[in-house]
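The structure appears below as structure tokens.
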Amino acid sequence: MGVLASGTGTILAAILGAGLPVSAVVLDRQCPACDVAGSAGVAIEVVQRESYGPEFDRVAYTHRIVEALKRHQIDVVAMAGFGTVLGPPIFEVYYGRILNTHPALLPAFKGWHAVRDAIEAGVKVTGTTVHIATEEVDAGPILAQEPVRVEPGDTEESLHERIKVVERRLYPETIRLFMRQIRGGGTA
Ligand code: GRF
């Protein structure tokens, strides 16, 4: 499997710590996740995103990500806090084999600010969702979910950290089950 990451890499670290068969970590920028992959001795591909403006060529960039994954013979892709929305080319090659973890109970609070949006909405319970990624962001089939209570006085940071505690267990567990299923019941 390959992992796509952009951030602090704590979810990536949990995937690696769970002993899942990660052959490559693909990053869209220099970020702490790069050090996490480096310390684990996993192959790293930085596919540097050159632009964040309207001129960004999402399709061409997605082709570069797919090429990086193919260089490592990746079969299953796990997104772990990847900050670039990818275009159709990756879904053509890896359809049904791209997983994502999202810090909310989808279909509630889609998007990059899911934790902040949950606090602003005043919900008492949010959580995390593992799902199959599709071209439509945060909308693919749900594989697993767990709730997390919103506590009085929670900030985006405190709530996100409690959600991530759950993600670091649930995501590797779900990836393992998924890989067993696509291998036809063998061990992952
Ligand atoms: C996780 O909450 C994940 O659901 C979201 O990005 C976060 C990544 O966390 N998509 P980290 O950078 O691995 O700590």
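You can think of it this way: the chain between residue 85 and residue 165 has 26.4 nm of extra reach, that is 0.36 nm per residue less the Cα-Cα gap. Helical content alone sets the calculated 222 nm signal of the chain at -12000 deg cm²/dmol, taking -39,500 (n - 2.57) per DSSP H segment of four or more residues and averaging over every residue.
Straight-line reach from residue 70: which lysines have Cα under 30 Å away, leaving out those fewer than 8 places along the same chain? Filter leaves 110, 164. If contacts are Cα pairs under 8 angstrom and at least 6 residues apart, what is the relative contact order of the chain in percent? Once divided by the residue count of the chain, the mean separation gives 19 percent. Note: relative contact order over the stretch 7-53, using C-alpha pairs below 8 Å and six or more positions apart, is 40 percent. For the chain, the dipole from Cβ point charges (+1 on Lys and Arg, -1 on Asp and Glu) about the Cα centre works out to 620 debye, to the nearest 20. Of interest is the spacing of the C-alpha centroids, which for the stretch 43-83 and the stretch 113-127 amounts to 29 Å.
All other residues whose Cβ lies under 10 angstrom from that of residue 81 are scored, Lys and Arg at +1 and Asp and Glu at -1, for a net of 0. How high is the FRET efficiency from residue 181 to residue 124, r the C-beta distance, R0 25 Å, rounded to 0.05? E(calc), rounded to 0.05, equals 0.15.
When the charge dipole of the stretch 1-130 is built from unit charges on Cβ atoms (+1 for Lys and Arg, -1 for Asp and Glu) and taken about the Cα centre, the candidate among 108, 61, 47 whose Cα reaches farthest toward its positive end is 108. When both bridge partners sit in the chain, DSSP labels roughly 40% of those beta bridges antiparallel. How much net charge surrounds residue 61 when only other residues with a Cβ under 9 Å from its Cβ are counted (Lys, Arg +1; Asp, Glu -1)? For residues surrounding residue 61, the net value is 0. Helices of the chain meeting both criteria, an alpha-carbon length of 15 angstrom or more along the long axis and an average Kyte-Doolittle score not below -1.0, with helices taken as full DSSP H segments, are 58-71, 156-182.
Every read-out reported here was derived from the displayed coordinates using simple, explicitly stated rules and does not represent laboratory data. Only a predicted model underlies this, so the values are computations on that prediction, with no experimental measurement involved. Every residue, glycine as well, gets a Cβ built from its backbone with ideal geometry; the counts of neighbours run over all protein chains shown.
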